[in-house]
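Every number in this text was worked out from the coordinates using simple rules, so none of it is lab data. Remember, predicted model here, so these are calculated numbers, not experimental data. Please note: Cβ atoms are built from the backbone with ideal geometry, for glycine as well, and neighbour counts cover all protein chains shown.
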Ligand SMILES: N=c1c2ncn([C@@H]3O[C@H](COP(=O)(O)OP(=O)(O)OP(=O)(O)O)[C@@H](O)[C@H]3O)c2ncn1[C@@H]1O[C@H](COP(=O)(O)O)[C@@H](O)[C@H]1O
């Protein structure tokens with residue numbers, strides 16, 4: 001896994017109340033203190049902003065906002081993973097498990113079950 005993902009995940013984990021995260025000084029601690037709904041709301045917002053940035057980029061030809069909004073989306077999904085005791089490494093492992101398995105073949109195999 002990228003060193004950055006591991007480092008950011010470690011900082012996110014350290015912001016939990018049981019590790020002394022302070023909502024007054026930490027955005028992540030503030031999200032944890034608000035709970036599931038606040039985290040999920042941010043993911044919904046960032047997903048929508050990513051979609052809007054992509055639509056805009058098709059008009060403007062400037063894809064930089066797609067990058068920034070995707071970073072916001074990834075970051076907030078990392079907070080969600082931490083909230084559920086999961087790690088980015090587990091997501092990477094899942095992608096690795098799927099590597100080379102055609103999405104079309106996988107979907108067809110589901111229908112046969
Ligand atoms: N990568 C990020 C990161 N990306 C985005 N954000 C914050 O996510 C928030 C939401 O972005 P929006 O564009 O929706 O802005 P907004 O409308 O002001 O947000 P809201 O008021 O609606 O929450 C902003 O406050 C951003 O600063 C992040 N906040 C923190 N991190 C990482 O998390 C670490 C810990 O952060 P703290 O807990 O704040 O120290 C940091 O060192 C960074 O590595």
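Descriptive notes on the structure:
- For beta carbons closer than 6 Å, sequence separation of 6+ or different chains, a first residue in segment 6-20 that is without any contact (Cβ under 8 Å) to a residue 60 or more places away in the chain and a second that is in a loop (DSSP other than H, G, I, E, B), the qualifying pairs are 15/21; 15/26.
- Total residues in segment 7-30, condition more than 8 Å from the ligand (Cβ to nearest atom), surrounded by 13 or more Cβ atoms within 10 Å (Cβ to Cβ) and closer than 13 Å to residue 82 by Cβ: 4
- Selection within segment 81-90 - farther than 14 Å from residue 39 by Cβ and surrounded by 16 or more Cβ atoms within 10 Å (Cβ to Cβ): 87, 88
- Count - residues of segment 56-73 that are under 10 Å from the mean Cα position of the chain (by Cα) and surrounded by fewer than 16 Cβ atoms within 10 Å (Cβ to Cβ): 1
- Failed criterion for residue 21 (all others in (1) farther than 25 Å from residue 96 by Cβ; (2) part of a helix (DSSP H, G or I); (3) touching a helix residue (DSSP H, G or I) at 6+ places or on another chain (Cβ under 8 Å) hold): (2)
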